[in-house]
Amino acid sequence: MGSKLNFTVKCLLGNKLRFILTVISIAVGVTSVLTVNSVSTFGAKTVSAELDSLGMNGLIVAPENDGTQLKREETEILSQIDGVSVTAPVTVNTSKVSADSVDSTALVWGIDEKAKEVVRFELMYGRLIDKSDTIQKRKVCILEESLAASIFGNENAVGRHVDLMNSPHSESFEVIGIVKTGKGIMQSVMGNYFPAFLYMPYTVISESPNFSQVFVKVNSDADTASLIERIKTRLSASASGNFAVKDLAGQKKSFESMLSAVTNVLTIIGAVSLIVAGISIMNIMLISVNERIKEIGIKKSIGATSFDILLDFLAESVIISIIGTLTGIISAVIIMKVCSSIFGIDITVSAGSVFGSVLLAVLLGSIFGIVPAYRASRYKPVEALRR
């Protein structure tokens, strides 16, 4: 077995330039597939995590009529329904924010102390909003790091004050905390067109103690569709007005399915280069067969069977594929490491992708090598020796 492998390798190295070029073509194809798959998968996971951080993993309850608002008692009703983990009142609007003669626009979230159980906050400085802030209607707020940096020129703005155009006149709010910006990709893509977030007690946004919507965190084992119907039934019996329930988790899953489909399409597009590489293997092996016809005749004349000849040439094509694939895997890993280092992110090549690439290499070598190998095995000894 060892001598047969050595002979196969010697045959491959008989024309080193041709061998290297074929390996490179396969390596480029494998590298492109793994790179596209790794980047697409990383992007999908990152977007999914960021949607979770924005509370896109539960339900949102809101009145169907614009003029209607929810009351605190109605959140208590929601919290008592089986399958509901946490309820958090929310009011959202856009406001002009200014400090030290610097103006900016922010998406203002009116929340209470339960918001941290629905929206993922990564506290950098200070503290989050607590129950006393909501009850006593304290004029305090939490800024995202990007907003703090743009207004104050420094991320740690705890203790400073910002002015919000919350009504016909502006009001001053004390900054009690700074949280990490939770929408990295959206912020990078949209830039200044996507406003930063500012959080304050919902009781401060308006004179009314009511709010526009409620975030509902659902238990992991709950049937979402059934829970939505129970929420509607319970609210219609206990509260005034009609309420709509949006399944944010369902929308998030649909979005993730779309991202997964995009990842698969991009991977398939990258795989086209592998097919081109496979065709190059077949061409190279056909040339090799034509150059070694006399060798085939000699082997057959001393007892080699057609099956032995077929295996020899098939082994060569498979070995070329495996070497090219391993080179491509190493190249993809190096590229991902370099990108991770430059951009400060963690993109990795999954073990499943590596295993799939090796398996694909064997199939590629077998499929595109079978025609040249079969052609070589069909030569008759006398006919081959005459050439």
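Here, each number is a calculation from the coordinates, and none is a lab measurement. Computed from a predicted structure; not experimentally measured. Cβ placement follows ideal geometry from the backbone for every residue including glycine, while neighbour counts extend to all protein chains displayed.
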Let me know the charge dipole size of the stretch 232-313 about its Cα centre in debye, to the nearest 20, where only the beta-carbon of Lys, Arg (+1) and Asp, Glu (-1) is charged. 520
Size of the dipole of the stretch 62-166 about the Cα centre, Lys and Arg at +1 and Asp and Glu at -1 on the beta carbon, nothing else charged, in debye to 20? 320
Under the rule rounded for a/c under 1.5, else prolate if a/b exceeds b/c, else oblate, using alpha carbon gyration tensor axes a ≥ b ≥ c, the stretch 67-140 is classed as prolate
Quick one: length gained pulling residue 334 to residue 294 fully straight, 0.36 nm per residue minus the C-alpha distance? 10.1 nm
In the stretch 232-387, what is the count of Lys pairs whose alpha carbons are under 30 Å apart, counting only pairs at least 8 residues apart or on separate chains? 8
Projected onto the charge dipole of the stretch 248-387 (+1 at Lys/Arg Cβ, -1 at Asp/Glu Cβ, origin at the Cα centre), which of 290, 341, 352 gives the Cα projection farthest towards the positive end? 290
Qualifying lysines (Cα of each under 17 Å from Cα of residue 180; at least 8 residues distant if same chain): 116
Computed on alpha carbon atoms, what radius of gyration and Dmax characterise the stretch 273-377, expressed in Å? 18.0, 63
